[in-house]
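K.L.:
One structure coming up, written as structure tokens, with questions to follow.
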Amino acid sequence: MTNYADGTSFRFHHIHLNTTNYEEAVDFYTRIMAGTIDHTGEWNGRRTAAIDLGGIRLLISDKAYPFVEIPDQTPDGPHFGLEHFCLTVPDLDAAVTSLKSRGAKFFMDIHVMRDKMRMAIVKAPDNVRIELFARS
């Protein structure tokens, strides 16, 4: 966990992959890479499998996040391959404020996903996306 003097802290949560072949990707990460499925689900027509890959939480989805609910604030829109990696924060508002005060830019400001799950997406160098995630 990373901690800053202002109390902001980050803990790794997951890596998210979007795939064009859901069954093939799930099979690869379970059968070939020996990961285990923690759970699967569907939300807004998007299937996602959560896989434990040697202690790393890997999420695999058959569609990109449904950005129709929010403005597309990314340079290329949703894409396939490595979508983002995610860090949990105890206080999303404080974390976003802290990062902005240090000059961080955001692809997406704070957004409520569902069931009190909130997120923001930081723009890292080379357009890498870092999701900050918190449950309220």
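K.L.:
Identify which of the listed values of semi-axes √(5λ) of the Cα gyration tensor in Å was calculated from the structure shown: (i) 26, 17, 14; (ii) 30, 17, 12; (iii) 114, 14, 10.
P.N.:
Comparing each candidate, only (i) matches the computed number.
K.L.:
Suppose every K and R has +1 on its Cβ and every D and E has -1 on its Cβ; what is the size of the dipole of the chain about the Cα centre, in Debye to the nearest 20?
P.N.:
Here the chain has a charge dipole of around 340 debye.
K.L.:
Next up: Please provide three numbers in whole Å: the alpha-carbon extents of segment 79-128 along the principal axes, with the largest listed first.
P.N.:
Largest first, segment 79-128 extends 30, 28, 15 Å along its Cα principal axes.
K.L.:
Here is a further query. Whole number in Å², please: accessible area per residue of the chain, 1.4 Å probe, ligands, DNA and RNA not counted.
P.N.:
Result: 56 Å² of accessible area for each residue.
K.L.:
Carbon and sulfur together cover what percent of the accessible area of the chain at a 1.4 Å probe radius?
P.N.:
Carbon and sulfur: 53 percent of the exposed surface of the chain.
K.L.:
Moving on to the next point. Compute, for residue 100, the solvent-accessible surface of its heavy atoms (probe 1.4 Å) with the complete set of protein chains present, and express it in square angstrom to the nearest 10.
P.N.:
Number for this one is 90 Å².
The values are calculated or read from the model by the stated rules, or taken from the named source; none is laboratory data. Since the structure is predicted, the reported quantities are computational estimates derived from the model, not experimental observations. Neighbour counts are summed over all protein chains in view; Cβ atoms, including those assigned to glycine, are modelled from backbone coordinates with ideal geometry. Protein only, heavy atoms only, side chains kept; ligands, DNA and RNA dropped before computing areas. Shrake-Rupley method; radii C 1.70, N 1.55, O 1.52, S 1.80 Å.
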